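A short worksheet on the structure shown next.
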Amino acid sequence: MTESQWAILRQVVIATTEHAADLAAVRQAFGLGQGFEDPELEELHMADATMPVSKDTYLEFIAPIDDQAAVTRWLTKIGGRGGYVLSVQHPDPLAVKQRAEAMGIRVPVDVEAFGSPVVQLHPQDVGLLLEVDGITDPRAWFWDEINPGPEPDALVDELLGVEVPVADPAATTAQWLQLLGLPEPDQPDTVQLGQSWVRFVAGGPSARWTVWLRRAPGSAAVAPALAGIDFHLV
């Protein structure tokens with residue numbers, strides 16, 4: 001297996017049936033700004049707000065606009081809120097797709113977005129809906145031209161990582177490392193993705209993720225109480 005040079009966790013996407021209320025709670029708790037909307041999601045019948053946490057990472061909340069949204073049935077099943085997608089920047093999504101297919105992992109989405117290849121791997125096969133975005137320059141991202149940047153007085157300033165409950169943390173970790181072409185991690189059951197990480201924990205599969213955020217210097221931020229998703233501040 002050839003190792004890729006890098007892979008970066010860019011966006012943590014949370015789906016909810018209480019979009020406006022959840023955004024108000026998170027913005028108040030963390031001092032995040034309005035952010036911006038993914039211009040392609042309206043065509044998929046989803047409302048969206050993408051909020052920069054740092055200059056490189058984003059917290060995104062989506063919600064179905066109507067019953068035609070693919071996420072509607074899933075939200076009903078899990079109780080209305082949960083971790084939905086992790087977006088990972090990778091220099092070679094075609095290689096990821098080929099490895100996935102060789103491993104028997106379904107690839108339900110293989111498209112081009114904003115001029116870059118995007119593949120999504122089936123959540124039942126890899127523990128969550130994993131999106132792999134093929135932007136070859138690690139200093140660039142989809143939103144560079146519309147990103148207002150993090151709020152200067154935000155109460156959090158870094159997306160540290162995400163804990164995801166799965167059935168077998170060790171096996172899922174090994175699977176992701178193989179798919180993304182990454183070396184063995186320093187921490188068990190952890191996939192290092194740039195400055196952030198994904199850690200698999202026992203108890204899943206479950207959409208009840210724990211999102212780890214770093215408090216800004218001097219901040220006394222307190223995580224909001226949102227059923228189905230947890231925030232951990234350090």
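Here, each number is a calculation from the coordinates, and none is a lab measurement. A quick note: this is a predicted structure, and the numbers were derived from the prediction, not measured. Note that we place each Cβ from the backbone using ideal geometry, even for glycine, and neighbour counts take in every protein chain shown.
Under the convention that each Lys and Arg Cβ holds +1 and each Asp and Glu Cβ holds -1, the size of the dipole of the chain around its Cα centre is about 680 debye. What does the charge count around P169 come to, taking other residues whose C-beta lies under 14 Å from its C-beta (Lys +1, Arg +1, Asp -1, Glu -1)? That sum, taken over residues with Cβ under 14 Å, equals -2.
Dipole magnitude for the range 141-234: about 280 debye, using +1 per Lys or Arg Cβ and -1 per Asp or Glu Cβ, origin at the Cα centre. Between the labelled values (i) 18.7; (ii) 17.9; (iii) 26.0, the entry that holds Kirkwood radius over Cα pairs in Å as derived from this structure is (ii). Residue ranges 39-45, 51-57, 140-146 sort as 51-57, 140-146, 39-45 when ordered by packing (mean number of other C-beta atoms within 10 Å per residue, highest first). The DSSP beta bridges internal to the chain are antiparallel in roughly 65% of cases. Counting every alpha-carbon pair across the range 138-193, the share separated by more than 15 Å comes to 65%.
Rounded to whole numbers, the Karplus 3J(HN,Hα) couplings from phi for the range 54-60 are 9, 6, 10, 10, 9, 10, 10 Hz, using 6.51 cos²θ - 1.76 cosθ + 1.60 with θ = phi - 60°, and x at Gly and Pro.
Among H90, H122, H19, the order by Cβ neighbours within 10 angstrom, fewest to most, reads H122, H19, H90. Counted by neighbouring Cβ atoms within 10 Å, the residues D168, D110, D189 run from fewest to most as D110, D168, D189. For the range 1-111, the square roots of the Cα gyration tensor eigenvalues, ordered a ≥ b ≥ c, give a/c of at least 1.5 with a/b no greater than b/c, which places it in the oblate category.
Using a Förster distance of 30 angstrom, determine the FRET efficiency expected from the C-beta separation of A21 and S219, and round it to 0.05.
0.85
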